[in-house]
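Reviewing the structure listed below.
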Ligand code: C2E
Ligand code: MG
Ligand code: MG
Ligand code: MG
């Protein structure tokens, strides 16, 4: 009896394993096609000054408009793209499109003129030998001034060879772009790299921001991170700001910028353009 049950359970397990594996394979094939056939979209989320409320940056966030599955969030396909190497062509497309769009906004709107565009760079992309030349090429083709691009890297870079990583970050900095550490506090446990890396911004992860008002320890960590960042002359952006209370606490603690649903969800390019034009209209009238 027990034996049969075990066998049935195994069969079921095997089937769901193969289902998942074949879904993955299908997604991988579809993603390859999607990159070449214009199914990727960028949404843009404003990053605002907590003092003035002005839009200082926009983070480009990729989505996949799948003909059958609808709009797929990055959590569903970025990991597959990273495993298969498709992150390389995908990442190139994101960079090209984000820089082109940022250049366009800087020319057509006042609020967009000083805005910086943030682009996520995966570790595998960063490891490419020609990544610095690639980025220089994209900047040149788009006409976007390098100081208007901020590359978001993650703490997982610290697991790579430290010397190579530092050298490459300096090469990127030499192009004139800004560098941010994304999801700060969730990854590598040593912070010593902060002093050795040529960084501009720390992005405090949403998991800390979420606990404001609920867990004093989380607030203490945020305050410590902000104090450290200020000592190192880094700009601090807080991610996942959803309530006015969180915003106020973060502003008082010295966070320069905020990003989150309180200000705006990520928007389509068209909706973001409209928001920039509305802001221009308000500030000029
Ligand atoms: P991330 O870079 O940390 O981006 C912020 C994520 O937090 C976005 O999710 C954004 O929609 C979400 N978010 C922003 N404000 C709030 C809030 O107030 N509440 C909540 N609950 N969420 C908020 P999204 O767009 O689903 O992207 C998830 C992750 O996928 C990104 O996290 C990033 O790691 C990755 N990703 C997105 N686009 C790209 C890309 O072009 N290249 C690479 N390599 N990774 C990307
Ligand atoms: Mg990011
Ligand atoms: Mg982030
Ligand atoms: Mg995040």
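When you check residue 275 against the structure, is it under 23 Å from residue 181 (Cα atoms) and over 20 Å from the mean Cα position of the chain (by Cα), yes or no? Judged against the criteria, residue 275 is not a match. Here segment 179-201 is the region considered, the condition is being at negative phi and within 15 Å of ligand 1 (Cβ to nearest atom), and the residue that is nearest to the chain's Cα centre (by Cα) is 182.
The residue of segment 133-155 that is nearest to ligand 3 (Cβ to nearest atom), among those that are surrounded by fewer than 16 Cβ atoms within 10 Å (Cβ to Cβ) and touching a residue at least 24 places away in the same chain (Cβ under 8 Å), is 147. State all residues of segment 163-196 that are part of a loop (DSSP other than H, G, I, E, B), within 15 Å of ligand 3 (Cβ to nearest atom) and in contact with a strand residue (DSSP E or B) (Cβ under 7 Å, 6 or more places away or on another chain); if no residue qualifies, say none. Hit for segment 163-196 is 185, nothing else.
With respect to the conditions (1) in a loop (DSSP other than H, G, I, E, B); (2) in contact with a strand residue (DSSP E or B) (Cβ under 9 Å, 6 or more places away or on another chain); (3) more than 16 Å from ligand 3 (Cβ to nearest atom), residue 199 falls short on a single one, namely (3). Scanning segment 57-97 for residues that are more than 14 Å from ligand 2 (Cβ to nearest atom), farther than 15 Å from residue 30 by Cβ and surrounded by 22 or more Cβ atoms within 10 Å (Cβ to Cβ) yields one hit, 87. For segment 186-207, a tally of residues being within 16 Å of ligand 2 (Cβ to nearest atom) and under 29 Å from residue 114 (Cα atoms) returns 8.
In a residue-by-residue description of segment 238-254, the property of being within 16 Å of ligand 2 (Cβ to nearest atom), surrounded by 17 or more Cβ atoms within 10 Å (Cβ to Cβ) and closer than 11 Å to residue 46 by Cβ applies to no position.
Specify the residue that is nearest to residue 157 (Cα to Cα); the eligible residues are those in segment 202-214 that are out of contact with any helix residue (DSSP H, G or I) (no Cβ under 9 Å at 6 or more places or on another chain) and either assigned to a strand (DSSP E or B) or away from ligand 1 (no atom under 12 Å from the Cβ) (or both). The extreme case among them is 203. Of all the listed residues (207, 161, 192), the sole one being over 20 Å from residue 128 (Cβ atoms), surrounded by fewer than 20 Cβ atoms within 10 Å (Cβ to Cβ) and away from ligand 4 (no atom under 16 Å from the Cβ) is 192. Taken as a whole, the structure places residue 270 among residues that are free of Cβ contacts under 8 Å to residues at least 12 places away in the same chain and either crowded, with 18+ Cβ neighbours inside 10 Å or within 23 Å of the chain's Cα centre (by Cα) (or both).
Of the residues making up segment 227-246, those that are under 20 Å from the mean Cα position of the chain (by Cα) and outside any strand (DSSP E or B) are 229, 234, 239, 240, 241, 242.
Laboratory data are not the source of any read-out in this text; all were calculated from the coordinates shown. Being a predicted model, the structure only gives us computed values, none of them experimental. For neighbour counting, all protein chains shown are included, and Cβ atoms are generated from backbone atoms with ideal geometry for every residue, glycine included.
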